[in-house]
Amino acid sequence: MKSVIVWVLASCALLGSCSKAASGPSKKVVVGFSQCDGSEPWRKLFDEDLRAAAAEQGVELLYLDAAGRAERQNEHVASLVAKEVDALLISPLDAQPLTAAVERATAAGVPVFVLDRNVNTDAYVAYVSADNTQIGRAAGEHALKLLGGQGKVVEIWGLRGSTPAQERHKGFRDALAAAPGVQVIAEQDGDWKLDLGKARMQALLKAHEDIDLVYAHNDPMAVGAWLAAREDGREKQMKFLGIDGNPGPEGGAQAVLDGKLTATFLYPTPGRKGLEVALAHLRGERVPKVVTLPTETITPENAARFVGKK
Amino acid sequence: MKRLTQSEVFWAAVTLLALVVVSALTAPDSLKSGQNLFLQAATARSLLNQVSFIGVLAVGMTFVILTGGIDLAVGSLLGLSSASAAILLMDHGWSAWSSVALVIGLCAAIGALQGALVAAKLQPFIVTLAGFSMVYALARIVADDRRRDIRMGEGGADAAFGALQAHVFGWLPVSAVILAALVALAWLALRTTVFGRNVYAVGGNERAAHLAGVPVGWVLVAAYVISGACSGLAGAIYLAQYEQGNPDLARSGYELDAIAAVVVGGTRLTGGRGSALGTLVGVLLIGVLNTTMGLHDWNENFQKLAKGAIILLAALSQHARVREFVGRIGASR
């Protein structure tokens, strides 16, 4: 245990020297960002967008990742408030567990900007997000167009009970209600994951011989479903719709370009817009309380534009 | 003095103290008013809030590990407890006391089932791995696949439940006081009662304990009941702190945090040696380390690396050869 002490002391000395070197009398705008789970691919993209925007604007960004834990994110918000950042951006893990933290930050005089998921209070300056219900509706309307008002659909859910899954489900169903000829014949829970999306689709393919369209709540599950259909040699008989449309070689835009997905629907990250709104507020401009980011339909015709998008 | 310097708890406590001092000395200042970020009531409050429910889990885990077992189910029990308590408080209008009592009882009963299987000579790892999966499923079924928010105040949960959210002197969370009381209770139970002696005996050598007339089966059942009950209590604390019962807490790996705290606190995974006090020190050590690294903007990856390193060092410090080696260096001086 003595060695532990030596190790801890050494590492702390290192810590101390690093921090002293980094801190100087700078007049830069310092923005704190509390991310709920930076390991998710979409949130990585979100972080990249925000970092790039911060670098362009010459803003110092303090980034903390709670790795999917409410208690860590609460601690992170408290620590950014204690640091007296000029503005606090937060993408909460979930509404209620972070509501009190956001209220405390606002009470301490820090302007708070809530990104992506909301909190159960209006004690913040602005909320910047895409609208999952609206995106689900866009997917539903596109499905109706593809099917011509007649067909059988299977739906693969994200984590059931999670807000984005519920909203993507609701918007899609709202749109489908316009065409009684289009039926959802089965729903499965794919937990946002490619491997589970594939496994659920394998079961669905055995149970149903006449699937015309697969709607998955995100692109990885839609690609998983496509993989399952290809194993059965049936991938040409049905359409595959996903959501997110991330850029990069693993993203949904590339999957559309490769002909795996028929279409996907952009779920834009609030990274850039979030910082923009925060800086506008710091300059003294009036900013709207709610900023909704628009979606875009990604099809083989325009997918190339989204693959390399920054 | 020799006895003191040879105990793991002593060295873990010294390390903790050193870490606190170093954290305070190296902590960066706030950007505008230039206050030391570590020496603040807000830092203490958020640190203690964070460690309290993991600490309660870890105290229960200590009993199980002392018997030479492991309880992987505590993470999903945490989810089950928080979600069930939320439903009782909000949907059924139960009082705080009866809600908390019921979830503690429920988790203790699940612990009893696991303990009975372990007493029947099934491997603890396998039993509680199965338990982890089944309790996770049960939590999601009970919660109808949803996270369950609670609201305090008019028309919300029983106001008495708010006591779990309160702070003494404005910085000391009631949950941390509960943890301290629980540690004291566990320490007394392990040091001064026949049951405590039996726990050490079973973990030290199960066969010998059996031959010496220790009711091995009952001791095992009791250890898992305690771990289950602690998970139930931890779930109630979690619910109070974050106002959300989350059946998916099983996915967050809190059982591993609890095990890590127990090991860092000097309790042997092979059983028979260790203490509840050590576990408290272990929980605080990991908590302070996390907080300090957070204040220095070290990212999550480094925090994970550091936690792993601390666990390894704690394990190494318990290793017979390492101790012998360190002892020899000491003697040659």
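Values quoted throughout were computed directly from the atomic coordinates according to the rules given, and no laboratory measurement underlies them. For clarity, every value in this text was computed on a predicted model and none was experimentally measured. Ideal geometry is used to build each Cβ from the backbone, glycine not excepted, and the neighbour counts take in all protein chains shown.
Summary of computed values
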read-out	value
Charge dipole (debye, nearest 20) of chain A; +1 at Cβ of Lys and Arg, -1 at Cβ of Asp and Glu	460 debye
Column: log10 I(q)/I(0), Debye, Cα scatterers of region B:252-298, q = 0.23, 0.27, 0.33 Å⁻¹	-0.78, -0.92, -1.08
For the protein assembly as shown, share of DSSP beta bridges that run antiparallel, in % to the nearest 5	15 percent
Only Lys, Arg (+1) and Asp, Glu (-1) charged, at Cβ; the protein assembly as shown dipole about Cα centre in debye	1980 debye
Alpha carbon convex hull of the protein assembly as shown, projected area averaged over orientations, nm²	32.5 nm²
Overall form of region A:193-310 per C-alpha gyration tensor (a/c, 1.5; a/b vs b/c)	prolate
Loop-located GluC sites (Glu not before Pro) in region A:149-217 whose Cβ has at most 12 other Cβ within 10 Å (DSSP)	A:Glu209
Euclidean distance between Cα centres, region A:219-269 to region B:44-114, Å	41 Å
A:Ile298 long-range amide H proximity, modeled H, under 5 Å	A:Thr264, A:Phe265, A:Leu266
Listed residue (B:Val326, A:Pro97, B:Leu285) projecting farthest to the positive dipole end of the protein assembly as shown, Cβ model	B:Val326
Selection from A:Leu282, B:Gly131, A:Phe265, by position along the positive dipole direction of the protein assembly as shown (Cβ)	B:Gly131
Three-way shape call for chain B based on the alpha-carbon gyration tensor, with the a/c threshold at 1.5	oblate
Gap separating the Cα centres of region B:218-270 and region A:56-110, nearest whole Å	27 Å
Degrees between helix A:41-57 axis and first principal axis of chain A (Cα, 0 to 90, nearest 10)	50 degrees
Between 0 and 90°, nearest 10: helix A:132-147 axis offset from chain A longest Cα axis	20 degrees
Phi to ³J(HN,Hα) by Karplus 6.51 cos²θ - 1.76 cosθ + 1.60 over region A:149-158, Hz, x for Gly, Pro	x, 9, x, 10, 10, 10, 10, 10, 7, x
Sparsely packed trypsin sites (Lys or Arg not before Pro) within region A:25-131, loop by DSSP, other Cβ within 10 Å at most 14	A:Lys27, A:Lys28
Unsatisfied cross-links (Cα-Cα over 20 Å) in the set A:Lys236/A:Lys260; B:Lys32/B:Lys304; A:Lys193/A:Lys260; A:Lys44/A:Lys193	B:Lys32/B:Lys304
Magnitude of the charge dipole, region B:1-116, Cβ model with Lys/Arg +1 and Asp/Glu -1, debye to 20	320 debye
